1. For the range 134-158, what are the residues that are surrounded by 16 or more Cβ atoms within 10 Å (Cβ to Cβ) and either within 23 Å of ALA186 (Cβ to Cβ) or of a type in the set (A, V, I, L, M, F, W, C) (or both)?
2. How do the helices (runs of 4 or more DSSP H) wholly within the range 199-303 filter down when requiring 1 or more residues that are more than 24 Å from THR22 (Cα to Cα): which remain?
3. Can you name the residue in the range 185-194 that is part of a loop (DSSP other than H, G, I, E, B) and within 16 Å of the ligand (Cβ to nearest atom) and is also farthest from ASN234 (Cα to Cα) among such residues?
4. Residues of the range 123-173 being touching a strand residue (DSSP E or B) at 6+ places or on another chain (Cβ under 7 Å) and either closer than 25 Å to HIS257 by Cβ or within 16 Å of the ligand (Cβ to nearest atom) (or both), which ones?
5. With ALA255, ALA238, ALA247 as the choices, which residue is within 14 Å of the ligand (Cβ to nearest atom), closer than 19 Å to GLY66 by Cβ and either free of Cβ contacts under 8 Å to residues at least 40 places away in the same chain or aliphatic (A, V, I, L, M) (or both)?
6. Among residues belonging to the range 200-235 that are among the hydroxyl-bearing types (Ser, Thr, Tyr) and crowded, with 23+ Cβ neighbours inside 10 Å, point out the one that is nearest to the ligand (Cβ to nearest atom).
7. For the subset of the range 174-184 comprising residues that are farther than 20 Å from PRO252 by Cα and of a type outside the set (Ser, Thr, Tyr), which member is nearest to the ligand (Cβ to nearest atom)?
8. Of a type outside the set (Asp, Glu) and more than 23 Å from the chain's Cα centre (by Cα), is that true of SER196?
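No lab work stands behind these numbers, since they all come straight from the coordinates. All values reported here derive from a predicted model rather than from experimental measurement. As a convention, Cβ positions derive from the backbone with ideal geometry for all residues, glycine included, and neighbour counts pool all protein chains shown.
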Amino acid sequence: MAYRKRKGAGSRPKNETDKGPTLHERITQRIIDQLKAGTPPWVKPWSCDARVGMPRNYVSNRPYSGINVLLTWIAALEHGFKDTRYLTANQIIELGGSFKGEKATRIVFAKEHTRNPGEEGEETFFVQRLYNVFNAEQVSGPALEPEDPPLPFNARVPEVEAFIAAQGVPITHGGDRAFYSPSRDAIVVPHPGNFSSPEGYYAVVLHELAHASEHPSRLNCPGGPRDTPGYWFNEIRAELASAMLCAEFGLPECAHHAGYLGHYIELLEGDPKAIFTAARQASQAATFLSEQAQRAPTLAAAA
Ligand SMILES: [Zn+2]
């Protein structure tokens, strides 16, 4: 991927001025290239025959979060991976497998460092580094556990309904557009029958619930008036959060505003850390909404 130096790329730490693009700039440029091609990595990152589900580590089964969700979705798109599970080189070796000749997917790992350990002024900080993982399909040698087939979305509709109800955000049906009103803390969405599929309806409601998580009584992430960077930032945040929830629930599509792509590109070109922050906040929003659902008595009773 070619890196193009841009005016206003900014926010590079002073000591990296002469070292070429930073990790943030390299990854942001990769995502900008995809946006310019009209294929945001969070829109249908799972092709029709790919498995749905959040990308996760094969050994720990822990789902990835933040920017690593995007990086593994890009890898799945590029290589056509159907498996959603990834392993580090060490994990493959420990399992007696091999990844010889396979191209790694690079994800970001925050490594903890301590300055002046045990002394006055001890300081802990995190440095982000890239490290390699391999998709389960790239591992040869002993057979890995097959991935559980996902439940068809139809079987999960009651769960999604309960998830939506558990948020306590009023939803009014009507009109021909969907939006979340911060002042009323309420969602307006067209009638389910006006969507081409039930999946399309649920994807839009999940997107608006991601906006509802911005409310001061929840995660307090104010955006800004339309056409400001804060507004577009919150749109990317909502698209990413709802894409993560759609992947989790096995929805085959997520809600995406194709007309906003130019604004997203502008935002990312002006701030190489924006997509990292948006992806991190999106994971927080998806986790927050999931925790709300787990706490709700309706879902607990249904489980
Ligand atoms: Zn939106």
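1. Across the range 134-158, the qualifying residues are PHE134, ALA136, VAL139, LEU144, PHE153.
2. 229-249, 274-295, 297-302
3. Taking the range 185-194 and keeping what is part of a loop (DSSP other than H, G, I, E, B), we get 185, 190-191.
If we keep only those that are within 16 Å of the ligand (Cβ to nearest atom) too, we end up with 185, 190.
On the way: ASP185: 16, PRO190: 22 Å.
By that ranking, first place goes to PRO190.
4. Here is the first cut: in the range 123-173, the residues touching a strand residue (DSSP E or B) at 6+ places or on another chain (Cβ under 7 Å) are 123-136, 139-141, 147, 169-173.
Hits for the range 123-173 are VAL169, PRO170, ILE171, THR172, HIS173.
5. Numbers: ALA255 fails: closer than 19 Å to GLY66 by Cβ; ALA247 fails: within 14 Å of the ligand (Cβ to nearest atom).
Residue meeting the stated conditions: ALA238.
6. Top of the filtered list is SER213.
7. In the first step, residues of the range 174-184 are kept if they are farther than 20 Å from PRO252 by Cα; the result is 174-177, 179-184.
Now drop any that are not of a type outside the set (Ser, Thr, Tyr), which leaves 174-177, 179, 182, 184.
Details: GLY174: 18, GLY175: 15, ASP176: 16, ARG177: 11, PHE179: 7, PRO182: 12, ARG184: 16 Å.
Here the answer is PHE179.
8. Details: of a type outside the set (Asp, Glu): yes; more than 23 Å from the chain's Cα centre (by Cα): yes.
In short, yes.
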